[in-house]
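The structure that follows is given in the form of structure tokens.
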Amino acid sequence: MHLVRTRPFRLPHDMEALLNVLPRSTAARFDLREGHLSRRTWLPRVDVIETHDALTVRYELAGFRLEDLEVTLDDNLLTVKGTRSQDTPEGAVYRIRELAEGSFSRSIRVSDDFDPEEVAARFSEGILEIVVRKRTEVVPRTIQIEPAGK
């Protein structure tokens, strides 16, 4: 009987070994050899909430400054763009890199029910919140019932 020594899959080490067998062009395209996600591929997390009178979109943007962000609503396409960079000391080498940096652009299509003139955005504690109000003609309304006259 022969004993074979095995070890369980170790994600960081084994992923790096796997990346080393990929063609250099594939690894370069996705920035895989740097040990982090491509700066071109990251997207912030988002929540989209619709109520009877508005659409609220919240983006998780920790580490951004207000001047790093741009919000547009054009032809029913709500787009948020931003850029975040981190200062790396000269000669420093990342051992672990999970904080994304670079530019992103994320768009959400909104229906014609929403009014492009009724948009508000605010940024607080790393959360960008955009509220787009529905057009008044599509907002459900309650009609008061009056008693019949005598």
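Considering (1) open to solvent by less than 60 Å² (accessible area, probe 1.4 Å); (2) among the charged types (D, E, K, R); (3) modelled with pLDDT under 90, say which one Asp68 fails and leave the rest.
Of (1) open to solvent by less than 60 Å² (accessible area, probe 1.4 Å); (2) among the charged types (D, E, K, R); (3) modelled with pLDDT under 90, only one is false for Asp68: (3).
While we're here: Could you tell me whether any residue of region 65-74 is touching a Ser or Thr at 6+ places or on another chain (Cβ under 8 Å), more than 30 Å from Pro140 (Cβ to Cβ), touching a residue at least 60 places away in the same chain (Cβ under 8 Å) and not in a loop (DSSP other than H, G, I, E, B)?
Within region 65-74 (the criterion being touching a Ser or Thr at 6+ places or on another chain (Cβ under 8 Å), more than 30 Å from Pro140 (Cβ to Cβ), touching a residue at least 60 places away in the same chain (Cβ under 8 Å) and not in a loop (DSSP other than H, G, I, E, B)), the answer is no, since none of the residues qualifies.
Can you tell me which residue in region 84-93 is surrounded by the most Cβ atoms within 10 Å (Cβ to Cβ), limited to those that are assigned to a loop (DSSP other than H, G, I, E, B) and modelled with pLDDT of 85 or more?
The extreme case among them is Ala92.
Further question on the same structure: Look at region 105-140 and say how many of its residues are in a strand (DSSP E or B), over 17 Å from Val46 (Cβ atoms), without any contact (Cβ under 8 Å) to a residue 24 or more places away in the chain and open to solvent by 70 Å² or more (accessible area, probe 1.4 Å).
Adding up the residues that qualify gives 2.
The values are calculated or read from the model by the stated rules, or taken from the named source; none is laboratory data. Here the structure is a predicted model, which means the values were calculated and not measured. All Cβ positions, glycine included, derive from the backbone under ideal geometry; neighbour counts span all protein chains shown. All accessible areas refer to the heavy atoms of the entire protein, side chains included, with ligands and DNA or RNA removed. Shrake-Rupley method; radii C 1.70, N 1.55, O 1.52, S 1.80 Å.
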